[in-house]
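Trainee: Here you go, one structure.
The values are calculated or read from the model by the stated rules, or taken from the named source; none is laboratory data. Values in this document were obtained by computation on a predicted structure and should not be read as measured data. Virtual Cβ from ideal backbone geometry, glycine too; neighbours counted across all protein chains shown.
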Amino acid sequence: MADISQSPQRFPFRSLDKAWLALGLILLAVAVLDFAQLWPTVTFAAAALGRTAPYILFAVLAVGWLKATGAENLLARAFEGREARMIVLAALFGGLSPFCSCQVIPFIAALLAVGAPLSAVMAFWLASPLMDPAMFSITSGTLGFDFALAKTGAAVGIGLLGGFGTMALKSSPVFTDPLREKPAVGGCCGVKKPFSGQPVWKFWQEPERRATFRDESLSNALFLLKWLLLAYVLEALMIHYIPADAVASVLGGDGIKPILLGAIVGAPAYLNGYAAVPLVDALLQQGMAQGAAMSFVIAGGVSCIPAAVAVWALVKPRVFAAYLGYAVLGAVLAGLAWGALA
């Protein structure tokens, strides 16, 4: 009988990072199908990455500092006191928190385990994947400070929408007994107890925290590099191959139609919050309406696979459906508001 334990060796590409693999395959396809476009695509991506480099550096150092000091432990204070106060603070902190997708799961599990109300957790869940210090920096550098600020406001707003909506309907069948099972504290990324301890602002005085700063900065630098390179390559190809009038006819113009389409398309089409920024920039250049761009990034950010998995893993399907409903409704409202202001 064959030794099936060795079978994974027949698939060496499984160990490769999917973003790097996709980038290599896309460039290979361009080289084979349209070689003349290969060099312009590479130079476009390199130039775009160079323009974004200062924002990437700030984002990397900011996240490294937050992790090394343990400043995210201050988030625990958002889940103390009256329920309405918890919702407001959870939405605010969720829109600014530095948590990655895998860290959201143990953090939320810990909150639910200690009895935090689902309304406050929902507010944090909805706001958290939409904005963080690194994403604000990248968005500001590519789409403009006003767009980044508006997206931050939308992140907080959708958190408030979901939080107070859940509080108002907490006695309904949708939110009664919402958890799959009693959540346990713990998870990946070395998270043991997500909101324990006090921040240490002078982190450089402790070798372990210096190591955390180094490791987190390097990890985030590589993360942003791979996703932004992939996004800039896709942006170059979109601008070259997709007619501007085609985008403008579908996602351009005034009214609610392009905003609704932006939310509907954004939910399944989202790659990554960082990768979406250059893609939206390309779509705007091709004629996408500002309101549709906002609804696209909001709906896609909440419903992207890492963020959605965090919710699906802990709550029952009816609560997950409510989460997606808040995402679409919030995206449309954000798109209408930004379309009126932009």
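Trainee: Just for the range 111-124: of the residues that are modelled with pLDDT of 85 or more and part of a helix (DSSP H, G or I), which one is surrounded by the fewest Cβ atoms within 10 Å (Cβ to Cβ)?
Mentor: L118
Trainee: Of everything in the range 325-342, what is within 16 Å of T166 (Cβ to Cβ) and surrounded by fewer than 16 Cβ atoms within 10 Å (Cβ to Cβ)? Give them in sequence order.
Mentor: G325
Trainee: Go through the range 302-342 residue by residue and tally those that are closer than 15 Å to M122 by Cα and at pLDDT 75 or above.
Mentor: 20
Trainee: Can you confirm whether the range 240-249 contains a residue that is surrounded by fewer than 20 Cβ atoms within 10 Å (Cβ to Cβ), within 22 Å of the chain's Cα centre (by Cα), at pLDDT below 85 and assigned to a helix (DSSP H, G or I)?
Mentor: Checked against the condition, which is being surrounded by fewer than 20 Cβ atoms within 10 Å (Cβ to Cβ), within 22 Å of the chain's Cα centre (by Cα), at pLDDT below 85 and assigned to a helix (DSSP H, G or I), the range 240-249 yields no hits at all.
Trainee: Among residues belonging to the range 194-239 that are in a loop (DSSP other than H, G, I, E, B) and at pLDDT 80 or above, point out the one that is surrounded by the fewest Cβ atoms within 10 Å (Cβ to Cβ).
Mentor: Looking at the filtered set, the residue picked out is K202.
Trainee: Hey, Y270 hits all of (1) surrounded by fewer than 20 Cβ atoms within 10 Å (Cβ to Cβ); (2) at pLDDT below 70 but one; which does it fall short on?
Mentor: So the condition that Y270 fails would be (1).
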